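The values are calculated or read from the model by the stated rules, or taken from the named source; none is laboratory data. Computed from a predicted model, the values in this text were never measured in an experiment. So basically every Cβ, Gly included, is an ideal-geometry build from the backbone, and we count neighbours across all protein chains shown.
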Amino acid sequence: MSAHVAVVGGSLAGLRAAEQLRSAGHEGPITVFSEEAHLPYNRPPLSKELLADEGEPTADDLHARVAFRRRKSTEDVDFQLGVGVEQADLAAGTLQTYDGQTHEFDGLVVATGLRPRRLRVTGPEEGRHVLRTLEDLIRLRGQVRPGQDVVVVGAGFIGCETAATLLKKGCSVTLVEPTGAPMNRVLGVELADAVQRHHEAAGMRFVIDDGVHGYGGGDAVAEVQLASGGSLTVDLVIESVGSVPNVEWLEGNTSLDLSDGVLTDNSMGVVGADRAVAVGDIARFPNPLFDDVPRRVEHWSIPTDTAKRAAQSLQAMLSGGQAPDAPFAPIPSFWSDQLDLRFQSFGSPSLADEIRIDEGNLDALTDGVLATYLRDGRLVGSVAVNLDPARQRRLRDDIAALAP
Amino acid sequence: MHVTVDMNLCQDHGQCAIASPAVFQMNDDGKLEYNGNPDDSLRDEVEEAADVCPVQAILVED
Ligand SMILES: Cc1cc2nc3c(=O)[nH]c(=O)nc-3n(C[C@H](O)[C@H](O)[C@H](O)COP(=O)(O)OP(=O)(O)OC[C@H]3O[C@@H](n4cnc5c(N)ncnc54)[C@H](O)[C@@H]3O)c2cc1C
Ligand code: SF4
């Protein structure tokens with residue numbers, strides 16, 4: 001009756017998992033182990049409002065602006081802050097934290113998300129930044145000043161957003177991207193090229209199809225050396241070159257598939273374990289909206305969607321009750337704010353083999369553009385740029401209709 | 001049940017209007033309009049709307 005659930009990871013996925021366990025009827029104790037020192041907070045504003053903000057807010061001010069509200073149902077959830085999990089034995093139901101303690105659990109929620117990938121190149125460490133946590137943001141805010149030369153390495157969504165925010169702040173910003181126009185893996189080449197032209201017109205510079213070979217400088221980075229042989233003068237560098245799933249603490253459990261995040265079934269149950277589920281960015285799960293290939297999805301909407309299903313599954317595993325058997329087909333959804341553009345996507349555009357620009361003019365993105373993404377002639381996603389939000393419902397319903 | 005949206009935070013993402021169309025609507029100007037005192041029977045969808053708001057602008061109280 002009073003099974004103990006350990007939630008490892010205390011960000012959006014961990015929080016939603018705790019809330020949804022209560023909604024699913026779990027009455028036993030819940031402990032959330034969180035490597036971070038803060039109660040769960042919202043990451044998207046880190047590259048947007050919180051980076052843009054002038055003023056001299058303290059770490060607590062910044063946290064207060066993005067902290068998630070605590071629901072009544074989770075008032076008794078034990079948040080162990082600053083207590084990372086070093087390893088867990090899923091068959092034995094025990095975990096060890098970095099402070100040397102051992103804890104027992106009956107059910108486990110894996111919610112350890114991602115950390116930024118780092119470039120392995122030569123040169124000074126000082127002046128190199130990443131942006132994933134509040135501490136990263138505070139460090140970056142402490143060094144960035146208007147007028148500085150900033151290089152952002154990696155023109156994915158977070159890199160482009162960060163670059164856009166710093167440009168608005170008065171920095172001189174160059175994006176270095178080895179594999180084509182910004183965000184082209186998701187947007188497709190045609191729209192990506194249009195976004196690049198748009199951002200260039202606003203003053204952002206792009207170095208495309210070239211990578212970072214090393215950094216130069218004394219104590220701190222002063223120069224970015226490019227693979228092509230050229231170089232860029234810099235005051236600071238932000239590396240936004242993808243992420244690595246935080247799975248090391250699970251590695252002792254050889255029955256799990258940790259090859260890219262944690263493999264789960266369609267109900268978020270961890271494959272190779274009995275009473276464990278995975279939630280959020282770390283979970284690699286099949287989505288019948290598209291096919292039966294398990295994939296990780298790094299969108300903000302996914303922790304909330306997967307937490308609900310995972311909690312129902314875990315509650316059924318712990319209580320012997322009936323798990324929902326309807327296929328789980330969450331609709332991937334993300335947004336991004338860059339200068340005067342707002343992107344809103346539904347579905348999985350990156351799966352497409354054909355892209356149609358259904359509305360608007362690629363040379364006037366601010367007036368609104370709709371791109372539709374197809375695979376084998378079948379809809380898989382859409383990206384709206386600056387379209388009226390009232391239209392989102394319809395765009396989302398079109399993806400929902402893909403459900404088998 | 002009492003619902004407030006912090007209109008200084010709201011960026012008209014419209015995710016709330018997808019989760020709970022009975023309570024949240026995007027008007028013709030693309031701005032949010034909402035019912036601050038929805039019926040208790042709508043609690044689940046209103047809480048879902050609060051969860052999916054990207055800027056966490058929605059406060060649900062008893
Ligand atoms: C700067 C930035 C901007 C973003 N903007 C957008 C956006 O505009 N739109 C969008 O859709 N998405 C955006 N995202 C993505 C979104 O924030 C993520 O999808 C979301 O944070 C995933 O939540 P999560 O809880 O699964 O993982 P995470 O947020 O990565 O949380 C995992 C947590 O687990 C902790 N942890 C890791 N290992 C351990 C361990 N061994 N023991 C204990 N704890 C551990 C970590 O410290 C962390 O707190 C953005 C992300 C970033 C970083
Ligand atoms: S989801 Fe949030 S930001 Fe979007 S319209 Fe609703 S309240 Fe505003």
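Do we have any residue at all in the range A:322-335 that's over 21 Å from A:P404 (Cβ atoms) and within 13 Å of another protein chain (Cβ to nearest Cβ)?
Yes, because at least one residue in the range A:322-335 is over 21 Å from A:P404 (Cβ atoms) and within 13 Å of another protein chain (Cβ to nearest Cβ).
Only one of these conditions is not met by B:L42: (1) within 13 Å of chain A (Cβ to nearest Cβ); (2) within 23 Å of A:D305 (Cα to Cα). Which number is it?
With respect to (1) within 13 Å of chain A (Cβ to nearest Cβ); (2) within 23 Å of A:D305 (Cα to Cα), B:L42 is out only on (1).
Which residue, of A:A202, A:A222, is in contact with a Leu (Cβ under 6 Å, 6 or more places away or on another chain), of a type in the set (A, V, I, L, M) and more than 16 Å from ligand 1 (Cβ to nearest atom)?
A:A202
Just to be sure before I move on: is B:N8 more than 12 Å from every other protein chain (Cβ to nearest Cβ), not in a helix (DSSP H, G or I) and not acidic (D, E) in the structure I sent?
Taking the combined requirement at face value, the residue does not satisfy it.
Among what's in the range B:23-35 and is modelled with pLDDT under 95 and either in a loop (DSSP other than H, G, I, E, B) or touching a Ser or Thr at 6+ places or on another chain (Cβ under 8 Å) (or both), pick the residue that is farthest from B:C10 (Cα to Cα).
Filtering the range B:23-35 for residues that are modelled with pLDDT under 95 and either in a loop (DSSP other than H, G, I, E, B) or touching a Ser or Thr at 6+ places or on another chain (Cβ under 8 Å) (or both), the one farthest from B:C10 (Cα to Cα) comes out as B:D28.
From the list A:V195, A:V150, A:V186, which one is surrounded by 14 or more Cβ atoms within 10 Å (Cβ to Cβ) and part of a strand (DSSP E or B)?
A:V150
Take the residues in the range A:139-152 that are within 14 Å of A:R128 (Cβ to Cβ) and within 15 Å of ligand 1 (Cβ to nearest atom), then tell me which one is nearest to the other protein chains (Cβ to nearest Cβ).
Among those that are within 14 Å of A:R128 (Cβ to Cβ) and within 15 Å of ligand 1 (Cβ to nearest atom), it is A:L140.
Could you count how many residues in the range B:9-52 are within 10 Å of ligand 2 (Cβ to nearest atom), of a type outside the set (S, T, N, Q) and over 29 Å from A:G14 (Cα atoms)?
6
Being surrounded by 18 or more Cβ atoms within 10 Å (Cβ to Cβ) and not basic (K, R): is that true of A:A401 here?
So A:A401 does not fit the description; no.
Could you tell me whether A:T306 is buried (at least 22 other Cβ atoms within 10 Å of the Cβ), within 14 Å of chain B (Cβ to nearest Cβ) and either in contact with a Pro (Cβ under 9 Å, 6 or more places away or on another chain) or free of Cβ contacts under 8 Å to residues at least 12 places away in the same chain (or both)?
Judged against the criteria, A:T306 is a match.
Output yes when any residue across the range A:386-399 is away from every other protein chain (no Cβ under 13 Å) and in contact with a Leu (Cβ under 9 Å, 6 or more places away or on another chain), and no when none is.
Within the range A:386-399, none of the residues are away from every other protein chain (no Cβ under 13 Å) and in contact with a Leu (Cβ under 9 Å, 6 or more places away or on another chain).
Scan (1) closer than 21 Å to A:S23 by Cα; (2) within 9 Å of another protein chain (Cβ to nearest Cβ) for the single condition B:S20 breaks and write down its number.
(2)
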